[in-house]
Amino acid sequence: QFPFGRRLPCDIYWHGVSFHDNNIFSGQVNKFPGMMETVRKITLSRAMRTMQDLFPLEYNFYPRSWILPEELPLFVAEVRMMKDSNPSWKPTFIVKPDGGCQGDGIYLIKDPSDIRLTGSIQSRPAVVQEYICKPLLVDKLKFDIRLYVLLKSLEPLEIYIAKDGLSRFCTEPYQEPTLKNLHQVFMHLTNYSLNIHSGNFIHSDSVNTGSKRTFSSILCRLSSRGADVKKLWSDIISLVIKTIIALTPELKVYYQSDIPAGKPGPTCFQILGFDILLMKNLKPVLLEVNANPSMRIEHEQELSPGVFENVPSPVDEEVKVAVIRDTLRLVDPQKKKRKDTHSSFHTYLLVFPTQVQSLPAGIASMKDKQHKHHSLKLSLKLKFYLKLGSCLEQAPEGAGELPEAALPSLCLKQVFPKYAKQFSYLRLVDRVAALFIRFLGVKGTTKLGPTGFRTFIRNCRLSNSNFSMAAVDILYIDITRRWNSMGIDHKESGMCLQAFVEAFFCLAQKKYKSRPRHEQVAALVELCECRLAAVRGKRLLWGCG
Ligand code: ADP
């Protein structure tokens with residue numbers, strides 16, 4: 001552990017919070033720059049909306065969402081319209097503050113007029129989302145799934161999914177939302193951090209009973225009831241791949257800004273926590289993506305009033321140790337070398353102790369508790385090392401056999417590029433982002449200036465008598481001003497990626513009016529790529545000449 005950073009380079013850096021925990025220039029780090037920002041509720045909803053706009057059927061696994069306060073009038077109008085056209089529709093919505101976690105500040109409403117506008121929405125934006133009223137129940141309880149996903153590389157895209165995850169249960173029998181039960185969090189919210197405080201929470205040593213179980217135990221149960229578990233897994237895999245495809249454009253902009261091409265590194269990988277809800281008909285729905293999923297394998301138990309002890313949680317251990325062990329195996333810098341030399345297995349870790357997200361509420365401000373918590377974290381980490389170590393030590397060194405042969409089979413399964421063919425047509429915004437990055441110009445920026453936007457239009461020859469350069473400037477100013485007034489990132493001025501995507505969609509609509517949205521955008525992307533290739537070809541020719 002190096003709480004204040006470390007000068008000597010490492011092979012693997014294990015940061016507690018974000019890419020920026022420490023300045024590093026080589027090796028591999030377990031966080032992508034910008035991941036925390038990209039998976040925040042509002043940014044995720046925006047990225048999903050862009051994809052839903054292009055591919056509505058493919059992205060219907062994300063509940064319809066509106067961003068507050070800016071889309072409040074739109075939310076009110078759309079709900080009114082839907083109610084008018086279908087008077088029997090009695091929806092429920094869930095309001096979630098941006099940047100919140102562990103169910104913090106979440107509430108359910110039946111009508112747009114129930115949104116709590118006083119102060120908080122202005123100072124703390126939120127997402128309001130259609131509430132899934134008919135979730136799948138087990139033992140009459142609502143539950144969600146936490147799946148661990150390893151984003152091993154962004155370029156080329158490499159995604160792994162853990163074969164097992166966690167199922168986190170509510171602690172009150174579920175009833176469809178009514179005005180009477182809307183506020184009952186133990187019935188409607190599956191967060192562990194909330195339900196642990198219910199008198200009904202059951203800690204169990206078995207992985208298939210209690211309030212936290214393995215996902216595989218749920219699958220066994222479903223399978224015994226005759227459910228098509230294979231189809232369910234394939235739907236989950238496709239949800240994960242599609243979600244990551246929606247996140248990559250933004251991540252690439254952050255990546256080139258923090259690690260510009262030509263810089264020695266580091267390279268990044270990241271374990272993400274996907275929260276998924278199953279509907280009654282077994283359709284998986286994405287709730288959110290967590291950039292810092294808790295890796296705790298113990299929980300606090302109150303032995304007698306006020307006396308707490310940390311006890312092992314077999315369910316967490318079963319799932320999480322395997323995820324970390326296999327992540328290290330997959331990113332192991334010695335792997336290649338070992339294949340050649342059969343040298344012994346060494347993984348170098350640098351762990352930062354500030355896993356902010358896993359701190360129980362309020363603990364950060366209490367010094368004595370902080371100390372206790374810190375030693376708990378150390379003991380947890382030691383436990384991890386011992387577990388990982390015991391796996392690794394079983395390896396027969398230099399015995400002519402790879403050490404991996406002694407390890408359990410990988411719990412992380414590659415899904416991309418394995419299924420790349422099926423999903424490549426969805427990577428359209430990625431190509432728009434590549435155009436955006438190309439015209440950013442200055443290294444280290446994430447926003448496009450007016451000159452960069454003009455150069456993009458000029459090089460792709462998109463202006464003509466119907467669309468003058470003056471109109472180009474107006475388009476730039478209009479869209480940029482609107483996005484900047486939403487005020488997410490005031491550090492830099494200029495056009496952010498989402499604003500560029502909006503401008504691009506606008507140009508595509510102008511040029512290819514009658515086609516469906518995804519065809520318009522695909523046609524314009526191809527045109528731009530072609531024209532830029534021609535410009536580059538000419539330059540090369542001139543160079544040769
Ligand atoms: P947080 O980051 O605060 O945990 P989530 O988006 O995960 O926020 O929501 C908290 C809980 O609320 C989820 O675990 C789930 O039980 C419930 N929930 C969230 N969104 C929905 C939804 N659209 N439909 C039904 N339940 C939801």
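The values are calculated or read from the model by the stated rules, or taken from the named source; none is laboratory data. Bear in mind the structure is a predicted one, so any value in this text is a computation, not a measurement. Glycine also receives a Cβ, built like all others from the backbone with ideal geometry; neighbour counts cover every protein chain displayed. Heavy atoms of the whole protein, side chains included, go into the accessibility calculation; ligands, DNA and RNA do not. Shrake-Rupley method; radii C 1.70, N 1.55, O 1.52, S 1.80 Å.
Among the residues of region 128-149, those that are aromatic (F, W, Y) and either under 16 Å from T214 (Cα atoms) or modelled with pLDDT under 95 (or both) comprise F143, Y148.
In region 130-148, the residues that are open to solvent by less than 10 Å² (accessible area, probe 1.4 Å) form Cβ pairs under 6 Å with partners that are more than 12 Å from the ligand (Cβ to nearest atom), at six or more places apart or across chains, as follows: I145/G165; I145/F215; L147/G165; Y148/A162; Y148/I271; Y148/V323. Taking the conditions exactly as written (part of a helix (DSSP H, G or I) and open to solvent by less than 20 Å² (accessible area, probe 1.4 Å)), does F61 satisfy them or not? When the stated conditions are applied, F61 does not pass them.
In region 106-174, counting only strands (runs of 3 or more DSSP E) that sit wholly within it, the ones holding 2 or more residues that are away from the ligand (no atom under 15 Å from the Cβ) and within 22 Å of F274 (Cβ to Cβ) span 141-153, 158-162.
Here G210, G199, G226 are screened, and the one residue that is farther than 22 Å from V311 by Cβ, away from the ligand (no atom under 13 Å from the Cβ), outside any helix (DSSP H, G or I) and modelled with pLDDT under 95 is G226.
The strands (runs of 3 or more DSSP E) found entirely in region 255-332 that carry 2 or more residues being closer than 17 Å to S193 by Cα, open to solvent by 10 Å² or more (accessible area, probe 1.4 Å) and assigned by the TED database to the domain that holds K163 are 284-290, 298-304, 307-312. The conditions of being over 28 Å from N281 (Cβ atoms), assigned to a loop (DSSP other than H, G, I, E, B) and modelled with pLDDT of 95 or more are met by F32. Which of the residues spanning region 81-105 are of a type outside the set (D, E), without any contact (Cβ under 8 Å) to a residue 24 or more places away in the chain and more than 9 Å from the ligand (Cβ to nearest atom)? Selection gives M81, M82, K83, S85, N86, P87, S88, W89, K90.
Taking only pairs six or more apart or across chains, which ones have beta-carbon atoms under 7 Å, a first residue in region 276-296 that is touching a residue at least 40 places away in the same chain (Cβ under 8 Å), and a second residue that is of a type in the set (V, I, T) and more than 12 Å from the ligand (Cβ to nearest atom)? If the second residue must be of a type in the set (V, I, T) and more than 12 Å from the ligand (Cβ to nearest atom), the pairs left are I276/I236; P284/I236; L286/T243; V289/T243; N292/V17; P293/I271; M295/I324. In region 180-191, how many are more than 12 Å from the ligand (Cβ to nearest atom) and either loosely packed, with under 12 Cβ neighbours inside 10 Å or aromatic (F, W, Y) (or both)? Total meeting the criteria: 2. Sort out which residues of region 28-54 are in contact with a Ser or Thr (Cβ under 8 Å, 6 or more places away or on another chain), open to solvent by 30 Å² or more (accessible area, probe 1.4 Å) and farther than 11 Å from E250 by Cα, and write them in order of number. Q28, M36, R49 - these are the residues of region 28-54 that are in contact with a Ser or Thr (Cβ under 8 Å, 6 or more places away or on another chain), open to solvent by 30 Å² or more (accessible area, probe 1.4 Å) and farther than 11 Å from E250 by Cα.
Taking region 112-125, which residues are at pLDDT 85 or above and within 24 Å of W89 (Cα to Cα)? Result: P112, S113, D114, I115. Of all the numbered requirements in (1) at pLDDT 95 or above; (2) within 16 Å of the ligand (Cβ to nearest atom), Q357 misses one, and that requirement is (1).
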